[in-house]
Amino acid sequence: MNALISTALSGVVLMFVGLFVRNKQHIKFFAIAAIIIAFIANLAQFPSVELGSYTMYGMIEVSRFSVLFNAVALGATLLYFLLSGSEFEKVGEHVADYFALIFFILAGISLASTFSNLLMLFLAIEIMSIPQYVLAGTDRKNLKSNEASLKYFLMGSFSTGILLMGIALIYGAAGSFNITELGLGADSVHPLALCGIILMAFALAFKVSAVPFHFWTPDVYDGSPTVFTSFMATVVKAGGFVAFLRMFHVSFAGGAISEHWTLILSIITAATLILGNFSAVFQQSVKRMLAYSSIAQAGFMLFAVIAINQFAAQGIILYAAAYSIATIGVFAVLMKLKDYTFEGFNGLAKKQPLLALAVTIFLFSLAGIPVTAGFFAKYFVLSAAIQHGHLLWLVIVGVLCAAISVYYYFRVIIAMYFKQGDPEVEPVSGGLKAALILAVALVLVLGLFPNLLIGCL
Amino acid sequence: MLTVLLILIPFIAGLIAFGLKGSGPKVLGMIASLASVAIAIGAGCTFHASPDKLSFVASWIPQLGSQFRVGLDGMGVMLCLLTAIAFLLVFITIYNRDIERPNGFYGLMLLSQAGLIGVFTAFDALQFYIFWELALIPVYFLCSMWGGEKRIPVTFKFFVYTFLGSLLMLVGIIYLYFQTPDHSFSWTSFTSLQLSMGDQKWLFWLFFVAFAIKMPVFPFHTWQPDTYDQSPTPVTMILSGVMVKMGLFGLLRWLMPVVPQGAAMWTDVAIVLSIIGIIYASCIAMVQSDLKRLIAYSSIAHIGLMSAAIFAHNEQSTQGVLLQMFNHGINIIGLWIIVDVIQNRLGVKNMDQLGGMARKAPRMAIFLVIISLANIGLPLTNGFIGEFLMFSGLFQYNHWFMAFAGLGIILAAVYTLNMIQKVIFGEGNTLTDSTTDLQPGETLALSLIVIMIFVLGVYPQPMLDLVSKVF
């Protein structure tokens, strides 16, 4: 609740800050201060949920899970501001507006983690999406950016329509918008409800770019200004997942109904894993590779949605943290390079050993190698799926795909360390270096002691 | 605490080594490996007196039921000793060499030592998995940075292979974790599980593939000759001397006790694969003219025998394997040192270009003959007693298997004698005439190896005592 209020207010305040503050750099400090306040305000809510969750006006349910997830989202955004905040200035004139839009997205995410009414879900998804359509098109002179924005907007509206249709059908079947009172998990499945669930699954799958609803992802991520791609592919995507998880775990779990959607989602997950990973292998640009890798990682996060157990909730939080930190970190370094192809990374280790080391650890984390946060993230979602019992085939698909992912993540490491080259790197400030070290430390600490995070759940 | 020290010393030394310059890293490496050997010997003595002192448990991730749980039994002591000795031998051999970026090289070497010791001491499955991966990553960087021309694709293949195997093992570990009543990863919980036959049937493969890739057993071996060939020789020594033992160790520590019925069910398949490996690798070794590849293939054959003996699963074969794990490690490191010397002096490793080196480098020739003969298990050398036990164990299980595996001895004699003949006897050429004999460091390392070969060959009892308590 605090997170929702503070982020929404910060967004409005930042819009006004843009009117009065001319120095672009100062705006960044305002944004950082605002996110720190939101982070602390969110954490301040922990004592109140210590004993259990509470619902407000039948619309929002604040729980330990939602507070912790918001902490991860806000923390990752803080890291994002520290690592990439100065890149905002290069995108265009309206820096304060960009920050404001990011805060509005965060408000959507905090709503997505707390909604207890289907209308709130709809609002959350829309609040999360609309600022993104704008951000995708901020590089106005670039045709690819225009295309990205338009494509994202059209596809996004389309999926929102599907979501609304799903909500309508579920309302028709259950007669309620309150997600805890739908009562769909009973023995017999109403055909309307089933259609509604399928439509909702498709719409949410679109939001998290699961195959076959992923077509927009590479083009949008590639066309958008890199600094926003970094945010869209991480925090926002995690926000989509939390909505997905909440909806399906609270309303559609148990009984005959879960068997129906489990099968559909399992097939979507397998397709996402296979297609995401195989396509990533063939990319020539690191940015596009990361776009496909985000699809591939979505496949792993879907494990958590399908498996309805304690490990799933822990897994999604850890995955959101691990994946966001690592991807934001890689993007921060990517933006310092002139050339986004794999060759652009050739010889980076010699020129900028710290950047290369940081990227290596982030990529290790994305690949799921031990002692990085990514390992335990994968561990938890795999555990969730294995505990589920009927998903072993999916686990094996996931494992094979994880081995494939090593191929494209290591291509970057190979380029940096084992190939000769002289990459053009923009000057790296001390502040960025410090932020990178902080991110690396976070990845390693969570890789050694994941209970620091999931222990709070 | 001794066990924790065994991990910590190389780990901390490795981290420090990255920051040192000049001859700092190699001095530090030498000190750390000497200390490791001393502690490993100390652990061996403590093991006989009070084995309980060697285990250490600390809280790690309580929510998961995973603890930092290390300990040493006879097998662990022996493998830690092998690891410590192997690294010491490698460091002695390369002490006088100029290595590019020595801080990175020694740092990564020491980190991989920490990972290896971690694997051999872990009594918690999750911790075992983590160390298993940690041992791999430094080696990946070592091979890719200091290796031969084709090093990048080759080591990459090696990494992907092992990583895939590890992930399958992880799935198995997580599955077993859910089966334990107390939700724990500890070795005792895993081994006391009562798994159904249906579960054991497929769990076996999840673990076996991971270990088979590491050893490697046919048909999971294809990464191995290329990697041995392309890696810098000091790294190859560690790979073939110690790292492949991780696979054998995994079978003995985790696979056989945890899924015994699964292992029993697939025993014949595993042994047949191992024996195919023995014969197939020996045949390829016979026609190899490249010295490094010859030793790589001979290693597949030797490991195949050990893997077959593990699955024969009786007291004699297991004793033989344990003994041979140590002996094979020592012997193959000796062979690699000599290959390294030849490659270092002459720049070639093709046997057709060699010959007549006995006259120019007599000390090297003597060492080569002794170590080669030990490697094929000549009586009075360390290789003999291990092989004898393994064959007799295999014979008890099934004499046909033993007969086919026994072909490996004959083939090994063929390619080994052929190698000796081509490298050190016969006519020399202008290239080999320019060679010089061993340097003091190399002589010292090889002398230590030869002493161990004879001591363990004539009096293997202490080593047998050490490993006799395992089963």
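The values are calculated or read from the model by the stated rules, or taken from the named source; none is laboratory data. Predicted, not measured: the structure shown is a model, and the values here were computed from it. Ideal geometry is used to build each Cβ from the backbone, glycine not excepted, and the neighbour counts take in all protein chains shown. Each accessible area value is taken on the protein alone, full model and side chains, heavy atoms only, with ligands, DNA and RNA left out. Shrake-Rupley method; radii C 1.70, N 1.55, O 1.52, S 1.80 Å.
For region A:400-443, a residue qualifies if it is more than 16 Å from A:Ala356 (Cα to Cα), open to solvent by 20 Å² or more (accessible area, probe 1.4 Å) and either within 13 Å of chain B (Cβ to nearest Cβ) or modelled with pLDDT under 90 (or both), and the qualifying residues are A:Leu400, A:Ile404, A:Tyr407, A:Gly431.
Would you mind stating whether B:Val272 is over 18 Å from B:Gln224 (Cβ atoms) and at pLDDT 90 or above?
Working: over 18 Å from B:Gln224 (Cβ atoms): yes; at pLDDT 90 or above: yes.
Here the answer is yes, as B:Val272 does meet what is asked.
Just wondering, is there one or more residues in region B:351-365 that are touching a helix residue (DSSP H, G or I) at 6+ places or on another chain (Cβ under 6 Å), open to solvent by 30 Å² or more (accessible area, probe 1.4 Å) and not in a helix (DSSP H, G or I)? No. Restricting A:Leu391, A:Leu366 to residues that are surrounded by 24 or more Cβ atoms within 10 Å (Cβ to Cβ), touching a helix residue (DSSP H, G or I) at 6+ places or on another chain (Cβ under 7 Å) and more than 10 Å from every other protein chain (Cβ to nearest Cβ) narrows the list to A:Leu366.
Please verify whether B:Ala86 is modelled with pLDDT of 90 or more, under 30 Å from B:Ser189 (Cα atoms) and open to solvent by less than 10 Å² (accessible area, probe 1.4 Å), treating the condition exactly as stated. I'd like the intermediate steps shown before the answer.
Working: modelled with pLDDT of 90 or more: yes; under 30 Å from B:Ser189 (Cα atoms): no; open to solvent by less than 10 Å² (accessible area, probe 1.4 Å): yes.
For B:Ala86, the condition - modelled with pLDDT of 90 or more, under 30 Å from B:Ser189 (Cα atoms) and open to solvent by less than 10 Å² (accessible area, probe 1.4 Å) - is not met.
Applying the criterion of being within 30 Å of the chain's Cα centre (by Cα) and not in a helix (DSSP H, G or I) to the residues of region B:192-203, the residue that is nearest to the other protein chains (Cβ to nearest Cβ) is B:Leu193. Restricting region B:132-163 to residues that are facing chain A (nearest Cβ under 8 Å) and under 30 Å from B:Gly71 (Cβ atoms) leaves a set whose member that is most open to solvent (accessible area, probe 1.4 Å) is B:Leu134.
Using the structure shown, decide if B:Phe391 is over 23 Å from B:Lys292 (Cα atoms), out of contact with any Asp or Glu (no Cβ under 7 Å at 6 or more places or on another chain) and free of Cβ contacts under 8 Å to residues at least 12 places away in the same chain. So B:Phe391 fails the test. Of all residues in region B:116-130, at least one satisfies being within 14 Å of chain A (Cβ to nearest Cβ), crowded, with 23+ Cβ neighbours inside 10 Å, of a type in the set (D, E, K, R) and part of a strand (DSSP E or B). For region B:101-147, filtering for residues that are within 19 Å of A:Leu448 (Cα to Cα) and aliphatic (A, V, I, L, M) leaves 13.
Checking each residue in region B:169-191 for being more than 11 Å from chain A (Cβ to nearest Cβ) and closer than 19 Å to B:Phe249 by Cα picks out B:Phe185, B:Ser186, B:Trp187, B:Thr188, B:Ser189, B:Phe190, B:Thr191. Counting only helices (runs of 4 or more DSSP H) that fall entirely inside region B:413-471 and contain at least 1 residues that are within 24 Å of B:Gln353 (Cβ to Cβ) and in contact (Cβ under 8 Å) with a residue 24 or more places away in the chain, the qualifying elements are B:430-433, B:440-458.
Tell me the residue from A:Glu50, A:Glu87, A:Glu61 that is closer than 20 Å to A:Val21 by Cα and open to solvent by 10 Å² or more (accessible area, probe 1.4 Å), please. I'd like the intermediate steps shown before the answer.
Working: A:Glu50 fails: closer than 20 Å to A:Val21 by Cα; A:Glu61 fails: closer than 20 Å to A:Val21 by Cα.
One residue alone meets the criteria, A:Glu87.
Could you list, in sequence order, all residues of region A:226-264 that are farther than 21 Å from A:Gly108 by Cα and not hydroxyl-bearing (Ser, Thr, Tyr)? Answer for region A:226-264, where residues must be farther than 21 Å from A:Gly108 by Cα and not hydroxyl-bearing (Ser, Thr, Tyr): A:Phe252, A:Ala253, A:Gly254, A:Gly255, A:Ala256, A:Ile257, A:Glu259, A:His260, A:Trp261, A:Leu263, A:Ile264.
What residue, of B:Ile424, B:Ile449, B:Ile410, B:Ile453, is among the β-branched types (Val, Ile, Thr) and open to solvent by 40 Å² or more (accessible area, probe 1.4 Å)?
B:Ile410
Quickly run through region A:125-144 and pick out the residues that are open to solvent by 80 Å² or more (accessible area, probe 1.4 Å) and part of a helix (DSSP H, G or I). Of everything in region A:125-144, those that are open to solvent by 80 Å² or more (accessible area, probe 1.4 Å) and part of a helix (DSSP H, G or I) turn out to be A:Ile130, A:Leu143, A:Lys144.
Residue-level check: of (1) farther than 23 Å from A:Phe449 by Cα; (2) more than 9 Å from every other protein chain (Cβ to nearest Cβ), A:Gly374 misses just (1).
A single member of B:Thr233, B:Thr191, B:Thr222 is more than 27 Å from A:Val406 (Cα to Cα) and either buried (at least 23 other Cβ atoms within 10 Å of the Cβ) or out of contact with any strand residue (DSSP E or B) (no Cβ under 6 Å at 6 or more places or on another chain) (or both), and it is B:Thr191.
Checking the condition open to solvent by less than 10 Å² (accessible area, probe 1.4 Å), within 14 Å of another protein chain (Cβ to nearest Cβ) and not in a loop (DSSP other than H, G, I, E, B), which residue from B:Ser166, B:Ser240 passes?
Going through B:Ser166, B:Ser240 in turn, the sole match is B:Ser166.
Within region A:298-341, being more than 20 Å from A:Leu392 (Cβ to Cβ), of a type in the set (Phe, Trp, Tyr) and open to solvent by 10 Å² or more (accessible area, probe 1.4 Å) holds for one residue alone: A:Tyr340.
Of A:Ser230, A:Ser224, A:Ser209, all but one fail to be under 17 Å from the mean Cα position of the chain (by Cα) and either without any contact (Cβ under 8 Å) to a residue 40 or more places away in the chain or on the phi > 0 side of the Ramachandran plot (or both); the exception is A:Ser209.
Selection of region B:36-83 for residues being polar (S, T, N, Q), out of contact with any Lys or Arg (no Cβ under 9 Å at 6 or more places or on another chain) and open to solvent by less than 60 Å² (accessible area, probe 1.4 Å) yields B:Ser36, B:Ser50, B:Ser66.
Within region A:320-344, residues that are under 26 Å from A:Met301 (Cβ atoms) have Cβ atoms under 9 Å from residues that are open to solvent by 10 Å² or more (accessible area, probe 1.4 Å) and of a type in the set (Ser, Thr, Tyr) in these pairs: A:Phe331/A:Thr226; A:Leu334/A:Thr226; A:Leu334/A:Tyr340; A:Met335/A:Thr226; A:Tyr340/A:Thr226; A:Tyr340/A:Ser285; A:Phe342/A:Ser285, counting only partners at least 6 apart in sequence or on another chain.
Taken together, the criteria place A:Ile308 among residues that are in contact with a His (Cβ under 6 Å, 6 or more places away or on another chain) and over 21 Å from A:Val406 (Cβ atoms). Among the residues of region A:346-363, is any closer than 16 Å to A:Leu446 by Cβ, within 12 Å of chain B (Cβ to nearest Cβ) and among the basic types (Lys, Arg)? Looking through region A:346-363, none of the residues is closer than 16 Å to A:Leu446 by Cβ, within 12 Å of chain B (Cβ to nearest Cβ) and among the basic types (Lys, Arg).
Among the listed residues B:Ser59, B:Ser50, B:Ser66, which satisfies the condition of being without any contact (Cβ under 8 Å) to a residue 12 or more places away in the chain and within 14 Å of another protein chain (Cβ to nearest Cβ)?
B:Ser59
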